[in-house]
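Notes follow once the structure below has been shown.
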């Protein structure tokens, strides 16, 4: 690992202790990954601002006390408090205090208080081919796959360290040759109706994460020009089921106008998806298939304007008989009128989400979701059983007060 | 006694019995930072406690917050005695690197070859120091 004279000077403390510690972390990570050097990044997205324990707060406060300041535009992922609706979070006083201190420390470091896992829908959209340092697995997958900007999966602490020094190790997905698809996932054996249904995309992502992991796939056979919310759902599910940092969807994502572009002309093995494989992936997302549903959880990643409109259209003015938690970006809450959804029984959650923060009643129970990521993490993080379904299934279940799931698509 | 040697990701030393985790594990959402137990009910080692064990971890997956969970385990002094990986995982290593920078202590983390990883059987006693792993 070759550090430039400037980088070495910073690591030795010439620009203060916060930058020095950050440079050492970036360089040390680069060394263990076998990176030959560091490269310059244009922006960062920080996931380290979610409270998991006091150590993370102490780390951020150390950087802030040492007068650290981000060197590049930096957005923040969710925190562990809903600052627009402070009563939503049930954590004890210690949790609230330490989570709040952590969020303030990251703001002091000069990060934009976006508090969202969908920064790419809050205006942070680096251009195709730009090197950036992003954290949070869904944000990383979207940044690489849908924007075509280049980032590795930067873990908590390395994300802010990269932001403070404006550098990242030159390895992995920063290099074009490592962005090549080595496996082709052919969906053409699935029914056209399934391939064009929103509910399919988190399931495809779950399969991709579990089976392909950190390999890079080129998915073929999907209708071209897939919308961003479907790709976001696919990536989020893939990155929670496995270490997926980049995928290509031929005809939809920027590095895959054609299959040959996605594979960069190289060889790749092919996997043909069958309806059985996809049904098995769908079934893995649920831990229950019958019985009472206690609530609906939506918005992982955070709901977009389009998803909010779709929820409104499906609800069609009807009242929900159970809480429908909708997690979304604060900038969307601030600029939209969501009172009709709230009147119907929706509980809007901003800045955080129900799977990372205690918001749901701690009685346990069964939640229904259209998010592959919520389905994946719900049982372990919340102690709730999970039923996976489409957004329409979730709305009908909420309105009728009993589990309703359309099965026809999956047969 | 068997002596193995791995690639040192984070320097340290530790002794304990091996907890072998073959199925991919995410520390965030899979390990409780307050108890060090595997909380994912879908994981085959559900409920096992990592504290004081030499954890042989075949595959990491998912969250980029796994570094934060490992840091919290080290800070709370309920961390594994050492972590032996089959593949380098920068996210997990970062938790140990930050712990060192913050003065919380050193957690040994090594990357083992596939052949050596296969020798890390459940319950065997292991001493890890620098790049060396000694199995009793």
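Brief remarks follow.
- Wholly within the range B:63-136, strands (runs of 3 or more DSSP E) carrying at least 1 residues that are without any contact (Cβ under 8 Å) to a residue 40 or more places away in the chain: B:82-85
- Residue match in the range A:392-409 (condition: within 15 Å of residue A:302 (Cβ to Cβ) and modelled with pLDDT of 95 or more): no
- Condition met for residue B:95 (within 14 Å of chain A (Cβ to nearest Cβ), in contact with a helix residue (DSSP H, G or I) (Cβ under 7 Å, 6 or more places away or on another chain) and surrounded by 24 or more Cβ atoms within 10 Å (Cβ to Cβ)): yes
- Failed item, numbered, when residue A:106 is tested on (1) over 19 Å from the mean Cα position of the chain (by Cα); (2) in a loop (DSSP other than H, G, I, E, B): (2)
- Of all residues in the range A:81-95, one or more are part of a helix (DSSP H, G or I), more than 20 Å from the chain's Cα centre (by Cα), within 13 Å of another protein chain (Cβ to nearest Cβ) and closer than 20 Å to residue A:349 by Cα.
- Qualifying residue in the range A:142-152 (condition: under 26 Å from residue A:268 (Cα atoms), within 20 Å of the chain's Cα centre (by Cα), more than 14 Å from chain B (Cβ to nearest Cβ) and assigned to a strand (DSSP E or B)): yes
- Residues in the range A:153-163 that are assigned to a helix (DSSP H, G or I) and within 13 Å of chain B (Cβ to nearest Cβ): A:158, A:159, A:160, A:161, A:162.
- Any chance residue A:301 is touching a helix residue (DSSP H, G or I) at 6+ places or on another chain (Cβ under 8 Å) and surrounded by fewer than 18 Cβ atoms within 10 Å (Cβ to Cβ): no
- For the range A:223-243, the set of residues classified as more than 14 Å from every other protein chain (Cβ to nearest Cβ) and surrounded by 24 or more Cβ atoms within 10 Å (Cβ to Cβ) consists of A:232, A:233, A:234, listed by residue number.
- Single residue of the range B:74-88 satisfying the filter (surrounded by fewer than 24 Cβ atoms within 10 Å (Cβ to Cβ) and in contact with a strand residue (DSSP E or B) (Cβ under 8 Å, 6 or more places away or on another chain)) that is farthest from residue B:122 (Cα to Cα): B:88
- Counting residues in the range A:195-213 that are within 30 Å of residue B:96 (Cα to Cα), assigned to a helix (DSSP H, G or I) and away from every other protein chain (no Cβ under 14 Å) gives zero.
- For the range B:47-62, residues that are part of a strand (DSSP E or B) and over 10 Å from the mean Cα position of the chain (by Cα) total 2.
- Subset of the range B:49-73 (residues that are touching a strand residue (DSSP E or B) at 6+ places or on another chain (Cβ under 7 Å) and more than 14 Å from chain A (Cβ to nearest Cβ)): B:49, B:50, B:52, B:53, B:54, B:55, B:56
- Residue A:125 being buried (at least 24 other Cβ atoms within 10 Å of the Cβ), within 16 Å of the chain's Cα centre (by Cα) and in a loop (DSSP other than H, G, I, E, B): no
The values are calculated or read from the model by the stated rules, or taken from the named source; none is laboratory data. Treat the numbers as computed from the prediction; the structure is a model and nothing was measured. Heads up, the Cβs are rebuilt from the backbone with ideal geometry, glycines too, and the neighbour counts pull from every protein chain shown.
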